[in-house]
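The structure appears below as structure tokens.
Only the coordinates and a few stated rules stand behind these numbers; no lab work does. If you're wondering where the values come from, they're calculated on a predicted model, not measured in any experiment. FYI the Cβ positions are ideal-geometry reconstructions off the backbone, even for glycines, and counts take in every protein chain you see.
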Amino acid sequence: QITDEGLITICRGCHRLQSLCVSGCANITDAILNALGQNCPRLRILEVARCSQLTDVGFTTLAR
């Protein structure tokens, strides 16, 4: 299972990332949404089904 730490490392190096599927990654939290918002300005598609630790606050942060 991938963790926030692993995904944040990927986000920091993938500024041109346009889509990401993390569906079923139950260990990720809002920290990844924050990292995506800060590091991946081209992100257009994010699949997060069955990621129960993600919250509305995290998605609001990502949208900004």
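Please work out the FRET efficiency for the pair A49 and H15, using the Cβ-Cβ distance as r and a Förster radius of 30 Å; give the result to the nearest 0.05. Intermediate values should be presented prior to the final figure.
Numbers: r = 25 Å, r/R0 = 0.84.
Result of the calculation: an efficiency of 0.75.
If I stretch the segment between N39 and R64 completely, what's the gain in nm (0.36 nm per residue apart, minus their alpha carbon distance), one decimal?
7.8 nm
The dipole here belongs to the chain: it is taken about the Cα centre, uses +1 on the Cβ of Lys and Arg and -1 on the Cβ of Asp and Glu, and is about 300 debye.
For L17, the shell of other residues with beta-carbons less than 12 Å away shows a net charge of +4, using +1 for Lys and Arg and -1 for Asp and Glu. Computed log10 I(q)/I(0) for the chain at 0.17, 0.23, 0.27 Å⁻¹: -0.49, -0.94, -1.34, from the Debye equation with unit scatterers placed on every C-alpha and solvent omitted.
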